[in-house]
Structure formats: C-alpha cells, structure tokens
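Structure first, then comments.
The values are calculated or read from the model by the stated rules, or taken from the named source; none is laboratory data. Note that the structure is a prediction, hence the values are computed from the model and not measured. We place every Cβ from the backbone using ideal geometry, glycine too, and count neighbours over all the protein chains shown.
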Amino acid sequence: VENGKLAYQWASNYMSILHKIKQKNQKGNPLFGFKLGLCLHITRETSVLVMTARDLGAEIALCSANPLTVNQEICTFLSSEGINTFAWRNETDEEYNSCIRSVLDFKPDIIIDDGSDLHIAAHKYKSKRVCGGTEETTSGVKRLKSLQTKKRLLYPVIAVNNAFTKYMFDNRYGTGQSVIEGIIRATGVFLGGKKIVICGYGWVGRGVAATARGMKALVIITEIDPIRALEAYMDGFYVKPLIEVAEIGDIFITCSGQKEVIRQEHIERMKNGVILTNAGHFDVEIDVKYLKSMDCNPVRLLPYVDCYSFDGKKVYLVAQGRVVNLVCADGNPSEIMALSFANQLLSIIFIAKND
Ligand SMILES: NC(=O)c1ccc[n+]([C@@H]2O[C@H](COP(=O)([O-])OP(=O)(O)OC[C@H]3O[C@@H](n4cnc5c(N)ncnc54)[C@H](O)[C@@H]3O)[C@@H](O)[C@H]2O)c1
C-alpha cells in the first residue's frame, strides 16, 4: 500500500489543477449519489483522478483499459481506500472482459472510458442506468462516432480527446516523450543515428517524431493523408511510403490508430534485428498474426521484447504490439495527465449537474 500511496502523492504534486477544480466544486458534493464506472490505464495519475472524484462524493468502480497497463501498487492503494478496483497486471483477455463486466455490474451512472471497451460493453448489455459518459482517446471516439452514425448511441458522451487542451498536449507532447521512454526502457537501444520510421503524422506521430529527432535519430514519416505528409515534409522529415522504407528502418513505431499498418509485405522486406513497436491505442497496427504464423514459438528475450525468427532473420516485437508507453513505461507524465484529467473531471461534473 505504501508504495502506491507514495506514487499517488508524487503524481498529485504535479496535478494541482485537479485540486483547484475540487476546491471550486466542493460545495454541495456535486458527485454525491453518482456511481462512476471507469475504464482507464491504471497509472499513478489515474489514482489522482479517482481520489478527486471520490472526494467530490462519487462512488467508484475501476477496471483497466488494457490488460498490460496496470500499475499493481496503485491498484493496492486504491483498494485500500475503498475504491472497487477490478484489475491486475497481465490479465488474460477473458479476465479483462470479466473486469469490464464487474464494473457494469456496479451499475454506473456515468462511464469514463479510454478506448471505449466499457462503452461498447454497456451498449451490448444495454445498461439502463447510464446517463452519460466521457471518452479519453482518438480510437475510442472513432468507435463511438460510428455508433452515433448508426443511431445506436444510447447516451451522450463527451469526447474529452477532442478538447484542444487534451490532444494538443497529451497526444503530442506527453505521448511523444513517453513512447520513446517506453522503447528505451524495454530495449535499452541507443537512438542516435538510428533510422526510426513513424507510421502516421497525427497528434501522436508528430510528438513521437519530435522527440525521436531530439534523440538524434534519423526520422522517416509514412502518412496516408497528403496534407499531413506535406506537413511532415515541411517540418523537415523524410517522407516516404512504408513499402519503400521497410528495408532501411531500424525501429518502426505505429501511431495511426488503424489496423495492420505494418503487414507481411513490409515485414518481408525488413532487415535482420528490426524493432517493431506500437503507440496506438489497440494492438492492431502491427500484423502480429503474421509474425506468429512465421514463428509460433517466439523467444522472450527481455520482459517486453519477443524475438520472432524466420527467413534467416530476427524481428523484435515490443510489448506484444500493445501500447508501448503504458506497457513498458509509466504512460504520460503527471503534468500532461493533469490537463487531460482536468477535462475528464470537468466533464463528469457537467454530466452530473445536467442529469
Ligand atoms: N499511447 C498513448 O498514450 C496515446 C495517447 C493518445 C492517443 N493514442 C492513440 O494513438 C493513435 C493515434 O492517435 P492520434 O490522436 O495521433 O490520431 P490522429 O487521427 O491525429 O493521427 C493518426 C494519423 O495516422 C494516419 N494514418 C492512418 N492510417 C495510416 C497508415 N496506414 N499509414 C500511415 N499513416 C496512417 C492518419 O492519416 C492520421 O494523420 C490512436 O489509436 C489513439 O487512440 C495513444
């Protein structure tokens, strides 16, 4: 408990905006009587959001937004504070889904999600009580927009991701730093002079590219949107189709939110010892199925590095293709998450006040 508490206190020092929002809204406990269901990466910063919402009167149930992004010490600390915490590190897919169902069984009034797995489950099981929700990330907003287009969205959701004070800082600067940190922590590789191929020059891609350049890597961008490709070019990056740079890249980082961006035809061309990593929300951007079809017994060389051997070469996959900054590092810095979670907290209070 003590380690989790210290980590919470450390993050809390850098998240004073949440304390200010709490002070401003403390009168009348605006969240009193509301049950919050949260599905977020369980980091020290998440514990600050959870404790602040609790102090404003909410009852809370929490699960993780990814089976591998759980800080166990934070879970222990939150449980000791009476927060219903349904998460542990290294959940199987089945356990992950059962944790989501446990949060729904808690019958939340407001759902706070990152990636929309909890929202989608709430729709599947037709949870009646939910009066509104929030969504933290680009990929989750996309899933909800598709529900809305089909007129199947059952309750209003605030797209927190789409706040300028979220994507501008979290997706770009925060993720830009923490993705590079995750790669270094997982592999220990030196980045200076390495050819790093970044797939996608959106908010996350821009941030990762800037940090990689700051580490003196040779950064190459691949992008399907011509305007963003031109932007990358004018930012001084080498911009090429992935198929043309597959054979020269040392490290590939997917930042697109799309499926199978790195596929067989790219992997076949890659050199021996190539490192593949993903910064997008879901583990769909690198075709891991193809890697598994070529080597069904990859060797775990380091806690987050699997080596696939085939065609006389080795391909190193980091974090099983899952979101590298949260699996291999601690996610985004506290100052950054203060901005994102300020948007979350204000949205939760807004939903509660307008119920
Ligand atoms: N790791 C984190 O902490 C973190 C933080 C924020 C967002 N995300 C996730 O990162 C992903 C990207 O988010 P974003 O806000 O940058 O989205 P974005 O929409 O701003 O950027 C995605 C970019 O990828 C490009 N793209 C799509 N398919 C491509 C392909 N096949 N090849 C090359 N480029 C392609 C798009 O044109 C777009 O410019 C999402 O999954 C999001 O949920 C992760």
* To do: Scan segment 198-234 for residues that are within 13 Å of the ligand (Cβ to nearest atom), in a loop (DSSP other than H, G, I, E, B) and surrounded by fewer than 23 Cβ atoms within 10 Å (Cβ to Cβ) and report the count.
  => 3
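Filter the strands (runs of 3 or more DSSP E) completely within segment 15-112 down to those with at least 1 residues that are within 21 Å of the chain's Cα centre (by Cα) and among the small types (Gly, Ala, Ser).
The strands (runs of 3 or more DSSP E) meeting that bar are 35-39, 59-63.
Report yes if Val189 is more than 10 Å from the ligand (Cβ to nearest atom), modelled with pLDDT of 95 or more and surrounded by 23 or more Cβ atoms within 10 Å (Cβ to Cβ), otherwise no.
no
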* strands (runs of 3 or more DSSP E) completely within segment 255-355 that count 1 or more residues being crowded, with 16+ Cβ neighbours inside 10 Å and within 16 Å of the ligand (Cβ to nearest atom) -> 274-278, 313-318
* Would you call Ile243 at pLDDT 95 or above, aliphatic (A, V, I, L, M) and in a helix (DSSP H, G or I)? -> yes
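Going by the structure shown, is Arg300 farther than 22 Å from Lys195 by Cβ, of a type in the set (Lys, Arg) and within 21 Å of the chain's Cα centre (by Cα)?
Here the answer is no, as Arg300 does not meet what is asked.
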* To do: Please verify whether segment 164-180 includes one or more residues that are away from the ligand (no atom under 11 Å from the Cβ), farther than 14 Å from Asn332 by Cβ and in contact with a Cys (Cβ under 8 Å, 6 or more places away or on another chain).
  => no
* To do: Taking Ile243 as the residue in question, decide whether it is surrounded by 22 or more Cβ atoms within 10 Å (Cβ to Cβ) and in contact (Cβ under 8 Å) with a residue 24 or more places away in the chain.
  => no
* Inside segment 119-158, can you point out the residues that are more than 15 Å from the ligand (Cβ to nearest atom) and in a helix (DSSP H, G or I)? -> Ala121, Ala122, His123, Lys124, Leu147, Gln148, Thr149
